[in-house]
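Shown next, in structure tokens, is the structure this report addresses.
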Amino acid sequence: YFNNSKICIIEHGNFGTYEYVYDRDHQLKISDIYLSWGWKFNNPNVIPFTSPHNKNEYNYNLKNKNILLVTVMKSRYSAGLYSGAHSSQWNDYVDDQLNFLSNINNNIINNMLIREKHEIATYAWNLKELIENRYPFIKFSKKNTSLLDEYKRSKIIVVTYNGTALIETMMFNIPTIIFYNFKVWRINPEVKKKYRLLKDVGILFDDPKQAADHLNSIYDNPLNWWNSKDVKNAREYFCKNLCNTTNKYVNDFVNIVSKVTNN
């Protein structure tokens with residue numbers, strides 16, 4: 001390395017929970033120091049650190065009405081190695097979204113706002129077109145609106161894949177429902193207990209209808225469920241291990257790198 005320098009890499013998004021993801025595995029091999037968002041998994045190069053987010057960036061407002069459905073989409077042709085949906089598996093993902101929407105009560109589906117990756121049209125899975133044809137009243141987020149701004153305007157977040165949005169909404173303590181196919185979005189064995197607890201308290205589902213039924217039941221006042229003892233404990237345990245936060249990120253980063261480089 002240049003002048004005997006060390007390579008320090010900071011976790012990008014939800015890397016720790018995947019069974020495998022080529023970005024993470026490569027970065028772990030080449031780095032001298034890898035700063036995770038809270039996990040270690042017995043890797044000598046990994047130092048459990050925090051997310052760069054400050055949880056005080058977000059303040060929940062029960063008066064919000066939006067249900068934010070966070071979706072994702074990838075290319076027709078596999079362009080990366082990770083334990084998630086690939087190629088024609090996206091057809092099943094699209095079906096799951098339509099199944100979920102078809103089971104939302106009529107009195108709340110008008111509050112649905114769908115967040116998509118705005119390059120989605122180039123992938124040609126036609127999720128937006130299929131939703132618009134069936135539900136022309138459902139709104140889609142505007143192209144230049146940040147995801148954090150969408151969080152701030154939402155009453156409940158629904159995350160439909162194992163990704164960074166899942167980590168962020170848990171970290172910001174926003175009432176969140178997660179659903180995806182467990183057989184497709186496979187998780188790291190090291191985090192199965194954390195995910196099992198989320199499933200036990202009704203945060204995580206592998207069936208879109210069950211997720212929709214749960215949303216229907218909690219929509220009027222999601223905090224009654226979200227702030228219950230079991231849900232709170234499951235979320236805090238999850239965050240402690242996978243998405244820590246700090247109000248002093250820059251100072252903490254400088255301190256931890258200084259200690260490592262001086263050893």
Q.
Which condition from (1) open to solvent by 80 Å² or more (accessible area, probe 1.4 Å); (2) in contact with a helix residue (DSSP H, G or I) (Cβ under 8 Å, 6 or more places away or on another chain) is the one that residue 216 breaks?
A. (1)
Q: Answer with yes or no whether residue 83 is more than 30 Å from residue 220 (Cα to Cα), touching a strand residue (DSSP E or B) at 6+ places or on another chain (Cβ under 6 Å) and open to solvent by less than 10 Å² (accessible area, probe 1.4 Å).
A: yes
(Q) Can you tell me which of (1) over 22 Å from residue 88 (Cα atoms); (2) surrounded by 17 or more Cβ atoms within 10 Å (Cβ to Cβ); (3) more than 15 Å from the chain's Cα centre (by Cα); (4) not acidic (Asp, Glu) is the one residue 210 doesn't meet? (A) (2)
Q) Cβ-Cβ below 9 Å, separation at least six or inter-chain, first residue in the stretch 12-28 and at positive phi, second open to solvent by 20 Å² or more (accessible area, probe 1.4 Å) and not aromatic (Phe, Trp, Tyr): which pairs? A) 13/164; 13/168
Q: Please enumerate the residues belonging to the stretch 60-79 that are more than 22 Å from residue 224 (Cβ to Cβ) and either part of a loop (DSSP other than H, G, I, E, B) or at pLDDT below 90 (or both).
A: 71, 72, 73, 74, 75, 76, 77, 78, 79
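Restricting to the stretch 175-184, name every residue that is in a loop (DSSP other than H, G, I, E, B) and within 12 Å of the chain's Cα centre (by Cα). Steps first, please.
First, the residues of the stretch 175-184 that are in a loop (DSSP other than H, G, I, E, B): 175, 180-184.
The one that is in a loop (DSSP other than H, G, I, E, B) and within 12 Å of the chain's Cα centre (by Cα): 180.
Please work out if residue 53 is more than 18 Å from residue 186 (Cβ to Cβ), part of a loop (DSSP other than H, G, I, E, B) and either basic (Lys, Arg) or open to solvent by less than 50 Å² (accessible area, probe 1.4 Å) (or both). Before you say what the answer is, go through the steps one by one.
Details: more than 18 Å from residue 186 (Cβ to Cβ): yes; part of a loop (DSSP other than H, G, I, E, B): yes; either basic (Lys, Arg) or open to solvent by less than 50 Å² (accessible area, probe 1.4 Å) (or both): yes.
So residue 53 fits the description; yes.
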Q. Of all residues in the stretch 67-80, which are over 19 Å from the mean Cα position of the chain (by Cα), open to solvent by 80 Å² or more (accessible area, probe 1.4 Å) and in contact (Cβ under 8 Å) with a residue 12 or more places away in the chain?
A. 76
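Residues checked against (1) in a helix (DSSP H, G or I); (2) out of contact with any Pro (no Cβ under 7 Å at 6 or more places or on another chain); (3) modelled with pLDDT of 95 or more:
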| residue | (1), (2), (3) |
| --- | --- |
| 121 | yes, yes, no |
| 125 | no, yes, no |
| 128 | yes, yes, no |
| 137 | no, yes, yes |
| 145 | no, yes, no |
| 148 | yes, yes, no |
| 151 | yes, yes, no |
| 155 | no, no, yes |
| 168 | yes, yes, no |
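For residue 162, indicate whether it is under 24 Å from residue 74 (Cβ atoms), in a loop (DSSP other than H, G, I, E, B) and either free of Cβ contacts under 8 Å to residues at least 24 places away in the same chain or open to solvent by less than 30 Å² (accessible area, probe 1.4 Å) (or both).
Taking the combined requirement at face value, the residue satisfies it.
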Q: Within the stretch 223-252, work out how many residues are open to solvent by 50 Å² or more (accessible area, probe 1.4 Å) and farther than 18 Å from residue 47 by Cα.
A: 9
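The values are calculated or read from the model by the stated rules, or taken from the named source; none is laboratory data. All values derive from a computational prediction rather than experimental measurement. Note: ideal-geometry Cβ built from the backbone for every residue, glycine included; neighbour counts use all protein chains shown. Note: areas computed on protein heavy atoms with side chains; ligands, DNA, RNA excluded. Shrake-Rupley method; radii C 1.70, N 1.55, O 1.52, S 1.80 Å.
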